Amino acid sequence: MDEMTIDEWEAICDGCGNCCLIKLEDEDSGNFLFTNVSCRLLDTKTCRCGNYALRKQIVKDCVILTPDNIEDIAEWMPATCAYRLLHEGAPLPDWHPLLSGDNESVVKSGASVKNWAIPEYEIDMDDIEDYIVGE
């Protein structure tokens, strides 16, 4: 992964949007808990960032995934994340667009947050724990 071009690195993303879901860390277990609440920049109809180029400036705690930080970040990435899978030496799922040739295969597989996630500006963030959907 260290030798990939920027375009090759970006192509690994399957466009599921799961990495843009707000995660909480259980203080007792250290496990990461996923919510169905997305970053305010995620367009939940397309699962694309609404301002990808400036995301870090707009959302201060946005983490920009790179080959240099994947090892530190992998544990809180979704289990189906292509970056995580490749980092762990696992194969990509059959529905990954690089394998299927279909950008909608991630949606068809059910691995996408398309039309399922709720943008953070639509909820009271004090109630974020009410939106936990899994680990």
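The values are calculated or read from the model by the stated rules, or taken from the named source; none is laboratory data. These numbers were taken from a predicted model, which means no experiment stands behind them. Note: ideal-geometry Cβ built from the backbone for every residue, glycine included; neighbour counts use all protein chains shown.
Regarding the range 79-97, can at least one residue be identified that is within 12 Å of the chain's Cα centre (by Cα) and aliphatic (A, V, I, L, M)?
Step one: list which residues in the range 79-97 are within 12 Å of the chain's Cα centre (by Cα), which gives 79-84.
Next, from what is left, pick out any that are aliphatic (A, V, I, L, M): 79, 82.
Looking for residues that are within 12 Å of the chain's Cα centre (by Cα) and aliphatic (A, V, I, L, M), one finds at least one in the range 79-97, hence yes.
Of the residues making up the range 109-135, those that are surrounded by 11 or more Cβ atoms within 10 Å (Cβ to Cβ), more than 23 Å from Ala74 (Cβ to Cβ), under 17 Å from the mean Cα position of the chain (by Cα) and not acidic (Asp, Glu) number 5. The number of residues in the range 101-120 being in a helix (DSSP H, G or I) and under 17 Å from Phe34 (Cα atoms) comes to 1. Looking for something free of Cβ contacts under 8 Å to residues at least 40 places away in the same chain, loosely packed, with under 13 Cβ neighbours inside 10 Å and not in a loop (DSSP other than H, G, I, E, B) - is there at least one such residue anywhere in the range 83-100? So far as the range 83-100 goes, no, none of its residues is free of Cβ contacts under 8 Å to residues at least 40 places away in the same chain, loosely packed, with under 13 Cβ neighbours inside 10 Å and not in a loop (DSSP other than H, G, I, E, B).
For a quick check of your reading: which helices (runs of 4 or more DSSP H) sit entirely within the range 1-82 and have at least 3 residues that are free of Cβ contacts under 8 Å to residues at least 24 places away in the same chain and within 24 Å of Leu99 (Cβ to Cβ)?
Values: elements: 6-11, 55-58, 70-73.
Qualifying helices (runs of 4 or more DSSP H): 6-11.
Select from the range 25-72 the residues that are over 17 Å from Pro119 (Cβ atoms) and of a type in the set (A, V, I, L, M, F, W, C) and write down the one among them that is modelled with the highest pLDDT. Among those that are over 17 Å from Pro119 (Cβ atoms) and of a type in the set (A, V, I, L, M, F, W, C), it is Leu54.
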